[in-house]
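Here the structure comes first, spelled out in structure tokens, and everything after it is commentary.
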Amino acid sequence: MPREPEYDEEFEDGEELGESEYDADSDPESGDEAAAAPDATDDEPQHPEAGTHEFVADEESAGERLDRFLTARVEHISRNQIQNLIDEGRVRVDGGAKKASHRLEEGETVVVEIPEHRPIGVEPENLPLDIVYADEQIAVINKSAGMIVHPGAGEDTGTLVAALLHRFGPEKLSTLGGPLRPGIVHRLDKDTSGLILVALTNAAHEKLVEEFRERRIQKTYAALLHGRFDAESGTIELPIARDIKRRSRMTARRREGREARTDWRMRLRFDGFSFVEADLHTGRTHQIRVHFSALGAPVVGDTVYGAPRQERIGRELLPPLGRNFLHAARLAFDHPFTGKRVEFRAPLPQALRDYLYRLACATGSTTATIDAALKDFL
């Protein structure tokens, strides 16, 4: 079994801020705390003042949670917004990152950086959109790698949401996700391709959220990993939490992480690589990437979690893949209105197929073995 790698220090916090899979424990749709409505003056919403704000915990505030402390001191801000700022690394306590639940001690200095407010909303964009299926209630999209699902992490254009708005119009997408996430029920990382489910009505959105919460939606991924596994299948059950030091990443090293389970099956072994099929039973941020990296088998192309930028096979240096070798290949769920079990598949992108064949050639494997492994992904 491969071992967990030591992460290279060159990976900066902001190098990748991939969007997460649906997380029933943290997404607003799951019933977790939503942002409080801001105060209004003359029907205009009020926003916290942008800039750097500094506070010192006094004797009276000692023992208070960090998020509650800031919510009480920054005008026109909700606790949910404070928690988002903490997750983005914009809050420091005595110069270091702390969790929202951190209990302050007298004399600690809290610094919060509030970015400039931007008008909320997404402009429609005429972008390529691979629609696998659509009816009056739902749509299933085959997302390409390199496209983020909705604005965030400094990327405001070229999103799946912008493409959906252009194709369907704002009046034909669920509004429960808010103005930045119309129709969005779950997410895929930027450099992950494959199937994503979209709600076209609020009623469909609510039912799909319930299916995710009850773990009735089946999600199967194809992944190429570093390392070889002796077993033909396995289950990874490691809790996943935010990396305290690098807030854009997740980790399986913290005991207080959320429960996460990934089942996998071997499809093909190369010299030093494994092509697997993985099923998610939970939808934690970066779950597949974190789980396999924790076993010392990072996803090929995933430099954030320990993979090299280019693969070297003997003397041959393969060209950079330019994305993660991770593809959401299958999605199965109960249709929110007919109740019928439906299943959709997305073939492995040509770039990933070509990479497998090139890797097979470099490692001395036959194309016939690749053909056999890919028969369910074409």
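Just so it is clear, none of the values below were taken in a lab; they were calculated from the coordinates. Everything numeric in this text was worked out from a predicted model, so none of it was measured. Glycine also receives a Cβ, built like all others from the backbone with ideal geometry; neighbour counts cover every protein chain displayed.
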Alpha-carbon centroids, segment 186-249 and segment 154-168: separation in whole Å: 21
May I ask you to derive the relative contact order of segment 131-377, considering only C-alpha pairs under 8 Å and at least 6 residues apart, and to give it as an integer percent? 18
Rounded to whole Å and sorted largest first, what semi-axes of the equivalent ellipsoid does the C-alpha gyration tensor of segment 275-378 yield via the square root of 5 times each eigenvalue? 29, 19, 10
Using every Cα-Cα pair within segment 48-114, state what percent have a distance larger than 16 Å. 35
Could you tell me the distance between the Cα centroids of segment 120-138 and segment 269-292, to the nearest Å? 28
If you average over every viewing direction, what projected area does the convex hull of the Cα atoms of segment 132-173 give, in nm²? 3.2
Mind counting lysine pairs for me in segment 131-377? Cα separation below 27 Å, and the two need to be 8 or more apart along the chain or on different chains. 19
Interchain or sequence-distant (5+) residues whose placed amide H lies within less than 5 Å of the amide H of Asp243 are Arg249, Met250, Thr251
What Kirkwood Rh does segment 131-377 have if only Cα atoms enter the pairwise 1/r average? Answer in Å. 18.9
Given a 10 angstrom Cα cut-off, can you work out which residue in Thr71, Thr262, Thr192 is the most mobile in a GNM of the chain? Thr71
List the chymotrypsin sites (Phe, Trp or Tyr not before Pro) in segment 304-378 that DSSP assigns to loop (not H, G, I, E or B) and whose Cβ has at most 14 other Cβ atoms within 10 Å. Which are they? Phe337
